[in-house]
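Novice: I'd like to ask you about the structure that follows.
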Amino acid sequence: MKFLRMRPGYGEQLIAEGDPNLLEDEQRLVEEFRKQLELGMWAAIPVQTESGRREAEMVRDFAEVPRDAGRVIFFPRAAGGAR
């Protein structure tokens, strides 16, 4: 499983990688997942629908990430909005 961070102007950057079936790797991935959320990032896993359409499914906890997910993408929340 790979953790990627989206950065405007830079694209995807690898921030962590490991096998969630190995205890040591899983602990490191959980820590990094929590760290990214604490930094204000959102997390999503890429999925493909039965029709072949690619989408992203938001996740809020590492337990929601399927063990066979190839990657988790972290991206910043949208800035601005109504005042």
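Just so it is clear, none of the values below were taken in a lab; they were calculated from the coordinates. No experiment lies behind these values; they were computed from the predicted model shown. Virtual Cβ from ideal backbone geometry, glycine too; neighbours counted across all protein chains shown.
Novice: Could you give the distance between the Cα centres of region 40-67 and region 1-32, to the whole Å?
Specialist: Between the Cα centre of region 40-67 and that of region 1-32, the gap is 14 Å.
Novice: Say R0 is 22 Å: what FRET efficiency, to the nearest 0.05, do residue 63 and residue 24 get from their beta-carbon distance? Don't skip to the end; give the middle numbers.
Specialist: Details: r = 18 Å, r/R0 = 0.82.
It comes to 0.75.
Novice: Apply the Debye scattering formula to the chain, with a single equal point scatterer on each alpha-carbon and no solvent, then give log10 I(q)/I(0) at q = 0.12, 0.14 Å⁻¹.
Specialist: Result of the Debye calculation: -0.37, -0.49.
Novice: OK, next. What list of ³J(HN,Hα) couplings, whole Hz, do you get for region 8-20 from phi and the Karplus terms 6.51, -1.76, 1.60, once you set θ to phi - 60° and write x for glycine and proline?
Specialist: With the stated coefficients, region 8-20 comes to x, x, 10, x, 8, 10, 6, 10, 6, 8, x, 9, x Hz.
Novice: So, one more: Hey, in the GNM for the chain with a 10 angstrom Cα cutoff, which one of 43, 63, 16 fluctuates hardest?
Specialist: Maximum among the listed residues: 63.
Novice: Still on this structure, please answer the following. Nearest 20 debye, what's the magnitude of the dipole of the chain about its Cα centre given +1 on Lys and Arg Cβ and -1 on Asp and Glu Cβ? Please report the intermediate quantities before stating the final value.
Specialist: On the way: 13 positive and 15 negative charges, 117 e Å.
I would put it at about 560 debye.
Novice: In addition: Given H placed on each backbone N at 1.01 Å, which residues far from residue 16 in sequence or on other chains put an amide H within less than 5 Å of it?
Specialist: 3
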